[in-house]
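Asks: Mind having a look at this structure? Questions to follow.
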Amino acid sequence: QVQLVESGGGLVQPGGSLRLSCAASGSNFSINVMGWYRQAPGKQRELVAAVTSGGSTNYADSVKGRFTISRDNAKNTVYLQMNSLEPEATAVYYCKAHTYRDYWGQGTQVTVSS
């Protein structure tokens, strides 16, 4: 059983930055992919960014050039650096880890507002 603990959410003004962290523990299998998803009120959960254990990354078109995902395999931790935040980024951000199945974190709220 994998436990995911997210941190780093909060309130930020438009144009500001936040860094999310997600630490995984308890896995007896290699975590192949770690990623961040978000769900805004009334909308479906969507992929923000993902990174493989080998360092390959994938981003949603809406965040390319502004968000950066990175991973520390030794710590089983994934980070999401979010720059130039816009109000449309307001959502609950969830961390996901994939071994032979998916595991989800509890979510962290990101609010972009003046």
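Asks: Determine which member of the set 58, 76, 83 is within 14 Å of the chain's Cα centre (by Cα), on the phi > 0 side of the Ramachandran plot and not aliphatic (A, V, I, L, M). Walk me through how you get there before you give the answer.
Replies: Numbers: 58 fails: on the phi > 0 side of the Ramachandran plot; 83 fails: on the phi > 0 side of the Ramachandran plot.
Of the residues listed, the single one that is within 14 Å of the chain's Cα centre (by Cα), on the phi > 0 side of the Ramachandran plot and not aliphatic (A, V, I, L, M) is 76.
Asks: For the condition open to solvent by 10 Å² or more (accessible area, probe 1.4 Å) and within 17 Å of residue 1 (Cβ to Cβ), what is the one hit in 61, 102, 72?
Replies: Only one candidate qualifies: 102.
Asks: OK, next. Could you please let me know if residue 3 is farther than 17 Å from residue 101 by Cβ, over 11 Å from the mean Cα position of the chain (by Cα) and open to solvent by 70 Å² or more (accessible area, probe 1.4 Å)? Break it down into steps so the answer makes sense when it comes.
Replies: Values: farther than 17 Å from residue 101 by Cβ: no; over 11 Å from the mean Cα position of the chain (by Cα): yes; open to solvent by 70 Å² or more (accessible area, probe 1.4 Å): yes.
When the stated conditions are applied, residue 3 does not pass them.
Asks: Suppose the filter is more than 11 Å from the chain's Cα centre (by Cα), at pLDDT 95 or above and open to solvent by less than 50 Å² (accessible area, probe 1.4 Å); does residue 111 pass it?
Replies: Yes: the conditions hold for residue 111.
The values are calculated or read from the model by the stated rules, or taken from the named source; none is laboratory data. Just so it is clear, the structure is predicted and the values come from calculations on it, not from any experiment. So basically every Cβ, Gly included, is an ideal-geometry build from the backbone, and we count neighbours across all protein chains shown. With ligands, DNA and RNA removed, areas are computed over all heavy atoms of the protein, side chains included. Shrake-Rupley method; radii C 1.70, N 1.55, O 1.52, S 1.80 Å.
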